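I have placed the structure first, in the form of structure tokens, so that the comments after it can refer back to it.
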Amino acid sequence: GNPGTVVEPKAVSVAEPLLLKAVRGEDVERPPVWLMRQAGRYMKSYQIICEKYPSFRERSENVDLVVEISLQPWNVFKPDGVILFSDILTPLSGMNIPFDIVKGKGPVIFDPVCTDADVDQVREFDPKESVPYVGKALTILREEVNNEAAVLGFVGAPFTLASYVVEGGSSKHFSKIKRLAFSQPKVLHALLQKFATSMAKYVQYQADNGAQAVQIFDSWATELSPVDFEEFSLPYLKQIVDTVKQTHPDLPLILYASGSGGLLERLALTGVDVVSLDWTVDMAEGRRRLGADVAVQGNVDPGALFGSKEFITNRINDTVRKAGRGKHILNLGHGIKVGTPEENVAHFFEVYRKTKSDFINE
Ligand code: CP3
């Protein structure tokens with residue numbers, strides 16, 4: 001400004017989102033809640049969009065559709081976190097790895113990576129150039145949600161991305177990536193390094209464009225034994241966390257791995273702020289094993305949403321009680337399942353509002 005003129009401060013919107021306060025360990029009156037895969041096929045409104053736009057890539061790469069789908073659960077349930085509608089595989093085409101997500105089949109990688117030469121063909125990711133729609137969508141979501149909830153970004157972790165890219169899609173036995181890991185580890189390490197550099201940049205890009213917290217999905221890291229996790233996953237997760245913390249020290253990072261009970265202490269070693277638990281570990285035990293510095297998320301079996309409302313309430317209360325006060329984000333132990341009744345999802349979001357006073361009286 002002009003020296004001498006008084007600059008009126010701009011009207012600032014509501015205080016900080018509850019989710020961010022909870023992660024920092026502030027004394028919040030109730031746990032914030034959002035659900036993994038809260039946008040998607042269990043919602044009638046999403047199915048209607050799918051009929052009109054049958055291509056997953058179109059739905060997830062068109063700014064207007066991304067914003068509309070991300071806001072569907074927000075408009076109905078008012079969660080405390082609004083996650084970008086996208087996929088962990090979205091960056092792949094920008095890395096010269098063509099892919100699609102095919103109805104009934106899932107992810108397909110057209111030319112799976114298996115050799116040194118294949119890894120050489122993988123390009124490092126430039127989010128601004130390759131996925132400008134992600135930045136635009138996040139910016140719009142921030143305006144729409146206006147700090148009434150936290151806008152959440154996400155990325156796939158290097159090992160989990162590598163598992164899709166090497167296997168050619170979803171896998172049950174993970175034989176190809178294990179063959180690569182255990183017979184040509186250097187080739188796999190070169191691929192993992194490219195993903196680590198690229199995903200660190202992608203987290204920074206998402207934060208710069210409006211994401212207020214970012215979740216890292218290492219869904220399949222738990223296919224690795226602990227010693228192999230220490231070689232093929234942990235260093236790359238740490239690299240992403242360290243790189244992002246240098247430029248965005250206050251951006252909360254959440255880490256999720258499916259079936260992570262055997263690896264919890266090692267997940268905390270990554271330096272993330274929040275660890276998201278699946279349902280195969282007791283919340284109180286998980287909390288103890290992770291230590292007081294780490295916030296916890298998740299833990300309720302997504303299958304519980306097929307039970308009665310009373311059953312769902314009991315499961316939520318059990319998790320909330322065991323998590324203890326503060327540093328807890330209420331969520332499921334994995335994504336919402338296809339076929340989950342929407343009214344049960346609505347109930348999941350309402351229970352915490354009802355348990356508010358119980359929670360204060362703990
Ligand atoms: O949580 C949200 O609401 C945001 C959207 C989101 C999607 N994928 C949309 C999606 C998120 C966070 C993801 C992450 C993702 N994608 C992960 C990590 C989380 C996890 O489940 O462990 C993984 C492993 C993927 C890869 C992937 N994409 C799979 C295994 C599938 C399912 C294939 C199938 O057909 O069931 C997808 C497709 C996908 N991504 C769908 C959605 C809503 C379903 C397909 C569709 O809606 O047409």
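Each value in this text was obtained by applying a stated rule to the coordinates, not by laboratory testing. As the structure is a prediction and not an experimental result, all values here were calculated from the model. Note that each Cβ is placed from the backbone with ideal geometry, even for glycine, and that neighbours are counted across all protein chains shown.
A few remarks follow.
- Of the trypsin sites (Lys or Arg not before Pro) found in segment 65-131, those that fall in a DSSP loop while having at most 15 other beta-carbon atoms within 10 Å are K103, K105, R123.
- A helix-only calculation puts the chain at -14000 deg cm²/dmol for mean residue ellipticity at 222 nm, using -39500 (n - 2.57) for each DSSP H run of at least four residues, averaged over all residues.
- Note on Q193 and V338: the model spin-label points, each 7 Å out from Cα along the C-beta direction, lie 3.9 nm apart.
- Cα-based reach from K176 at 21 Å (exclusive), listing lysines while leaving out same-chain residues under 8 positions away: K105, K186, K194
- Tensor-based shape of the chain (alpha-carbon gyration tensor, a/c under 1.5 rounded, otherwise prolate or oblate): rounded
- If you sort the three axes of the alpha carbon gyration tensor as a ≥ b ≥ c, you get a/c of 1.5 or more for segment 219-336 and a/b above b/c, which makes it prolate.
- Reported to the nearest whole Å, the Cα centre-to-centre distance from segment 12-52 to segment 69-115 is 18.
- Selected from V33, V187, V296 as most flexible by GNM, with the chain as the system and alpha-carbon contacts under 10 Å: V187
- Residues D318, D116, arranged from fewest to most other Cβ atoms within 10 angstrom of their Cβ, appear as D116, D318.
- Those lysines that a straight Cα-Cα span of less than 18 Å connects to K52, excepting residues fewer than 8 apart in one chain: K44, K103
- Theoretical FRET efficiency, 1/(1+(r/R0)^6), r = Cβ-Cβ of V102 and D27, R0 56 Å, to 0.05: 0.75
- DSSP bridge analysis restricted to the chain gives an antiparallel fraction near 20%, rounded to the nearest 5.
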